[in-house]
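The values are calculated or read from the model by the stated rules, or taken from the named source; none is laboratory data. Treat the numbers as computed from the prediction; the structure is a model and nothing was measured. Don't worry about glycine lacking a Cβ; one is built from the backbone with ideal geometry, like all the others, and counts go over all protein chains shown.
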Amino acid sequence: MKEKTNKPQHIYFDNSATTPMDPRVISEMDKVMRNTFGNPSSIHSYGREARALLDKCREICRDFIGADETDEIIFTSGGSEADNLAILGLVQNPSGPVAKIKKPHIITSTIEHKAVLETIKELEKRELIEATYLKVDKYGQINVEDVKREIKYNTVLISVMYVNNEVGTIQPIKEIGKHLEKINPARVGGGFSRVYLHTDAVQAFPYLKCDVKHLHVDMMSVSAHKFNGPKGVGFLYIKEGTPVGKMIYGGAQEGNYRAGTENLAGIAGLAKAVEILNKEQDKEAKKLINLRDRLIKGVLKIKGSQLTGHKTERSPAIASFVFEAIEGESILINLDLEGIAVSTGSACTSGTLSPSHVLTAMGFTQQEAQGNIRVSLGRFNTGKEVEHFLKVLPGIIERLREMSPLESQM
């Protein structure tokens, strides 16, 4: 007779990479795919019905972030496209004021998501812009005073993520936005470009206040699959008057920013996920803070472990650690064998052998950064899962240290 065990079969702790879809979202998408299959650009009844649903979804997103107009919401294929549209759409808009500047200047940070960093680096490589990459402190946070010092006559854009996707540190977006509102009137009056503020809020959106007036942002990127919605859909908030040009040419969909027939079922799933957030966000964040803190307290009892990111200014969902003299990939594989899914750094860089650019920017050595795992919690995680993780992890760490060829200072 097989011995019974209390070990859960599967524990998913990689919600920052993607989240399981909420059954309520799946139900909404199924209904739309079955019944509202018309093209929103068609003028017959099927098209009009689809257009009405699209408009409703846009209103739901607008209301949640406190935007003034529905047409400030531009649906995209996700966060990466939204980031690209914000940066490229501003800098490469031939009819916008930025086009008059010989070499516009962009300020960002060293720990941004690749969708921002690689886009800016590509513009640099083509010699279309100059860029400043703000350093972060040991907690992964930028200093607002550094931002102020780096603003120049040709600065047109500051792009800083709201919450870092690897270590969970929250950035002072509101403070940056308030400073720009203070200096922009004098800049424009003096003949200089207004400085626009973009934030990648993909990791912040499920848990933090993302009211665009509260944050004082001009553009904000959001991705549905980070808050229990479908993959392949997101949106970019573009404040009215922000001179962003189109990136995808063809039809005049999405306010003429993005050609192509809208992914109506995906957008409906996104809107349903937003509706759920609107009702449950505060309760969910409190639950995850409790689980996160229990997890952090337990992991830090393990000798040679260290929490990465800010101790208090951090996402409710993310706990990232480095372990001395062990490779994070080995920890990940051993946890996976136990049915527990975590990640090393971010999913977007997991195909490389290079250490996390976020951790190295925070001052960790390459060897230290290689010993990283990220545990990211979500809507469906439980206290029992955290307790099981804390029961399993110490044995894995001990076993790997005994086998490790890395030099330990312990």
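Results, tabulated for the structure shown:
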read-out	value
Members of segment 296-331 found to be within 20 Å of the chain's Cα centre (by Cα) and in a loop (DSSP other than H, G, I, E, B), listed by number	G309, H310, K311, T312, E313, S315, P316, A317
Test: residue in segment 86-109 that is farther than 23 Å from G241 by Cα, in contact (Cβ under 8 Å) with a residue 12 or more places away in the chain and either within 21 Å of the chain's Cα centre (by Cα) or surrounded by 21 or more Cβ atoms within 10 Å (Cβ to Cβ) (or both)	yes
Selection status of K239, within 12 Å of the chain's Cα centre (by Cα), among the basic types (K, R) and in the same structural domain as E69 (by TED's automatic domain parsing)	no
Residue within segment 61-81 that is farther than 28 Å from A201 by Cβ and surrounded by fewer than 20 Cβ atoms within 10 Å (Cβ to Cβ) present	no
Only listed residue being touching a residue at least 60 places away in the same chain (Cβ under 8 Å) and assigned to a helix (DSSP H, G or I), chosen from V274, V244	V274
Search result, residues across segment 28-44 that are under 14 Å from C57 (Cβ atoms) and loosely packed, with under 15 Cβ neighbours inside 10 Å	K31
Options Y196, Y133, Y153; residue that is buried (at least 22 other Cβ atoms within 10 Å of the Cβ), outside the structural domain of V342 (by TED's automatic domain parsing) and aromatic (F, W, Y)	Y196
Test: residue in segment 343-354 that is modelled with pLDDT of 95 or more and either surrounded by 19 or more Cβ atoms within 10 Å (Cβ to Cβ) or touching a Phe, Trp or Tyr at 6+ places or on another chain (Cβ under 6 Å) (or both)	yes
Checklist (1) in contact (Cβ under 8 Å) with a residue 12 or more places away in the chain; (2) out of contact with any Pro (no Cβ under 7 Å at 6 or more places or on another chain) applied to K279, failing item	(1)
Filter pass, N154 being under 29 Å from N278 (Cβ atoms) and touching a residue at least 12 places away in the same chain (Cβ under 8 Å)	no
Selection count, segment 195-212, where residues are within 20 Å of L90 (Cα to Cα) and out of contact with any Ser or Thr (no Cβ under 9 Å at 6 or more places or on another chain)	1
Restricting segment 373-408 to residues that are within 18 Å of G298 (Cβ to Cβ) and in a loop (DSSP other than H, G, I, E, B), the residue that is farthest from the chain's Cα centre (by Cα)	T382
